[in-house]
Amino acid sequence: MEYKEGDSEQLHYSDQITSTGASYGDIRSRRSKFDHKDLDSVPLYDLREYEYKSRKSSRSLISVSKIDLRNLVILILVSFVVRLYKIDQPTSVVFDEVHFGGFATKYMRGRFFMDVHPPLAKLLITLAGLLGGFDGSFDFKEIGKDYLEAKVPYVAMRLLPAFLGIFLIPISYLTIRLSGFSSAASFLVATLVIFENGLVTQSRFILLDAPLVAFTGFTILMWIKFHNEQKRPFKLWWWVWMAMTGVGLGLTVSCKWVGLFTIAHIGLSTIKGLWELLGDLRITPIQWAKHFFARALCLIVIPVSLYCFFFAIHFAILQNGGEGDGFMSSEFQSTLRGHGMKDMPIDVAIGSRITIKHINTQGGYLHSHKHNYPGGSTQQQVTLYPHKDGNNVWILQNQTDLAVDITDPIWIYDGDVIRFEHNMTHKRLHSHDIRPPITDSEFQNEVSAYGFEGFEGDANDFWRVLIVDHDKSDPESKLRLRTLHTKFRLQHTITGCYLFSHPVKLPDWGYEQQEVTCARGGSLPNSIWYIETNFHPNISEDAEKVNYRRPGFFGKLFELNKVMWNTNSGLTDSHPYESRPSSWIFMKHGINFWGKEHRQVFLLGNPLTWWTSTLALFVFIAAKSIMILRDKRGYKDHLNGIKRHFDSNASFFFVGWCCHYFPFFLMKRQLFLHHYFPALYYAILLIGVGFDLVTIRLKSKERSIIAAMFIVIVIYVFFLFSPLTYSSPWTKRDCQSVKWLRSWSFDCKQHYDSYEQFYNEGPEKTSIITKTDDSLLLDVSNESQGNVLTKGNVIEQNMNDTFIDKNNNANNNDPGVILNEEVIRNDDDEVLFKS
């Protein structure tokens, strides 16, 4: 049966049925049995398979029809206006620009930091800032901090995500068009992406989600182009598009680990394709193996290589010590400037002055200082401290004779009982049957420093050395304590508990250092220690020495990614704007980005686009279920291949949505609405498939009219919510009129009653509102601008500022800080840490 132009059951053009069962069309110019001026004048779904050899075609991406070229030009111009309009507003730090702008500063200074995301998007933002003239002097420390006074080229940095947001528009158009659907459906999908308020908001600031979604869309498009070449395996363009898919995967996962979900999606499609090739008896085992290794090369080796490449750039730039050092092991830190350690004597003896490091919690030092616990025994505090400090030094003493002749060093063997005297305060490491001040558990005892100079101490100062691991290249370290090589536990001889530390911070009275206790039955990794530095007056300079083995590139890469994973999983504190995945598809919650001068930026999507995409998902599930039931009952609804075409493409996009949505249900960390954006993009693509299915019996002109009507409504809704996107003036009445859901927490009370009032009174120098509940944070004085960083947001910021202290606490410094200075500062006069 042939479909003729103008037929009431008109179908549009689809070039082929691919080896994976998907029918991906192509809009490239080629000769056809149809007499047509452009591809929109031919039947839309020509599902009969013609020989590729009989066609002459261009394999490039941009060889499009005049209609498609015209549509692309219009869409790109409109997207420029929508994405770049008022991109200089607000003129102060917005939401997570605190982090990602701050990372650009650290890149410019070459100071190591730790972030839970891979480096690509941050490197691109830094490059944009560098090209715009950013010198790294601005610290992005708090939301609302002014850019103009500091002359920060913030617009140049915001242009990077904005241009990537624009890049997504032609990608979305071509994705639908090359999948074999009408230009009307393609134009509709691209327009929905342009006027999606959430995507616009996210692409206007120094954030990572615009690069993530753009590279995700690029990967999907390249995969579709690859499937358009399925009948020309191992030819040039077959290789090109598959390799470009691998590049897209590498770029996506190098921005955020959400890219792993894109890898899973493409991986499932690859497995399906290989499975079907395996069932094709025309494919020999050798040919199938070639297909397998070709895909492994392009879809595994290329992404992994790109991921490693961007981390290599990351390490090459960040060669100096910085605020993220404390997250890394001592071996890793030794590769950074400022963290080198001179060779240490390997032999440890009674009388040695040592520093002891904890293994499991990012390598803090056993530490004490002249401040007592406010409760419990009220004796001197013992903590875990992440920086080198004079208060980390302990003197090893034997059990009985404190004044032992140390002319001949006395080694310390497994099972020996010893004491630890604090070098600065002359108190000894001590424990007793008193509960710790924070972890008030029966199996935990307090650890303190007790005594005074000349006091011989008591039995609660005794600790038994139990060696649990050693360096296999040094057999002697299994028998006795050796610097760096011996891993040991310290058992309190009276109570039987073990010296223990865990990621619990002490309050202000403990300077937010980590708690140290003595635990009975505590986890083994949290009770293992080793000696890092060692000095003994009677050990000669030419004695055997040891130092950290510096890890190579892959060792650093593995460790950093492990720390990123653990830190990301640990972001579990509550946040006033966090939301769970079950609410995302209905857009029940948004995120407050910024509020100042009676204006606000609030992340919320276009409700019409958002809810239509959700409807498309439910319609697909219902239609797919009906088709499965009908097929089971023996109905053959092939419809000359139309069913297969729609089903295969809709299934591809739906599986992509599932891969980017359902894994979030397994995560316990903080989640926000913007985590749904990649899945939202797939859902919008599904709207395009559904649109052509619903309008399949209509003529091209009628289909275009329906698409235009829907687009007009979408644009109208976009402008209703645009004040939240562009931080434009708004009135209380207009704000309240679009609060369609009670759960939307943008605050209308901060706005003026009329627009005349805004323009007459002008912007006030008030700022970010804070509330004690979970409502919108807006409208306090300038002194409180940083208050917007509440709860989890503060936690996430502190992830890279863990060891930074505020100047206003300087009067509480520990007197025993290294070099007898109260505060350690870097070369830019910033306070880095305090004991």
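The values are calculated or read from the model by the stated rules, or taken from the named source; none is laboratory data. On a predicted model such as this, the values are computed, not experimentally measured, just so you know. So basically every Cβ, Gly included, is an ideal-geometry build from the backbone, and we count neighbours across all protein chains shown.
When the criteria are applied in full, His660 fails the requirement of being crowded, with 24+ Cβ neighbours inside 10 Å, assigned to a helix (DSSP H, G or I) and modelled with pLDDT under 95.
Is it the case, given these coordinates, that Ser540 is among the small types (Gly, Ala, Ser) and either not in a loop (DSSP other than H, G, I, E, B) or not assigned by TED's automatic domain parsing to the domain that holds Ser441 (or both)? No: the conditions fail for Ser540.
Inspection of segment 620-637 finds no residue satisfying the criterion of being part of a helix (DSSP H, G or I), more than 25 Å from the chain's Cα centre (by Cα), under 30 Å from Leu207 (Cβ atoms) and of a type in the set (A, V, I, L, M). Is segment 272-284 home to any residue that is closer than 30 Å to Lys106 by Cα and either at pLDDT 95 or above or surrounded by 18 or more Cβ atoms within 10 Å (Cβ to Cβ) (or both)? No. What about Tyr373, is it under 16 Å from Leu484 (Cβ atoms), in the same structural domain as Tyr498 (by TED's automatic domain parsing) and touching a residue at least 12 places away in the same chain (Cβ under 8 Å)? It is false that Tyr373 is under 16 Å from Leu484 (Cβ atoms), in the same structural domain as Tyr498 (by TED's automatic domain parsing) and touching a residue at least 12 places away in the same chain (Cβ under 8 Å). Considering each residue of segment 252-261 in turn, none proves to be without any contact (Cβ under 8 Å) to a residue 12 or more places away in the chain and out of contact with any Pro (no Cβ under 9 Å at 6 or more places or on another chain). Every listed requirement among (1) farther than 19 Å from Gly351 by Cα; (2) among the polar types (S, T, N, Q); (3) touching a His at 6+ places or on another chain (Cβ under 7 Å) is met by Ser473 save one, (3). Among the conditions (1) of a type outside the set (Ser, Thr, Tyr); (2) closer than 26 Å to Pro607 by Cα; (3) outside any helix (DSSP H, G or I), Arg697 misses just one, which is (2). None of Ile317, Ile346, Ile354, Ile313 is surrounded by fewer than 17 Cβ atoms within 10 Å (Cβ to Cβ) and at pLDDT 90 or above except Ile313. Scanning segment 494-519 for residues being among the hydrophobic types (A, V, I, L, M, F, W, C) and under 15 Å from His369 (Cα atoms) gives a total of 3.
Look at Asp440 and say whether it is surrounded by fewer than 18 Cβ atoms within 10 Å (Cβ to Cβ) and either farther than 21 Å from Thr361 by Cβ or at pLDDT 90 or above (or both). Taking the combined requirement at face value, the residue does not satisfy it. In this structure, does Asp647 turn out to be in contact (Cβ under 8 Å) with a residue 12 or more places away in the chain and touching a Leu at 6+ places or on another chain (Cβ under 9 Å)? Spelling it out, it is not the case that Asp647 is in contact (Cβ under 8 Å) with a residue 12 or more places away in the chain and touching a Leu at 6+ places or on another chain (Cβ under 9 Å).
Using the structure shown, decide if Lys231 is touching a residue at least 24 places away in the same chain (Cβ under 8 Å), basic (Lys, Arg) and surrounded by fewer than 24 Cβ atoms within 10 Å (Cβ to Cβ). The answer is yes for Lys231.
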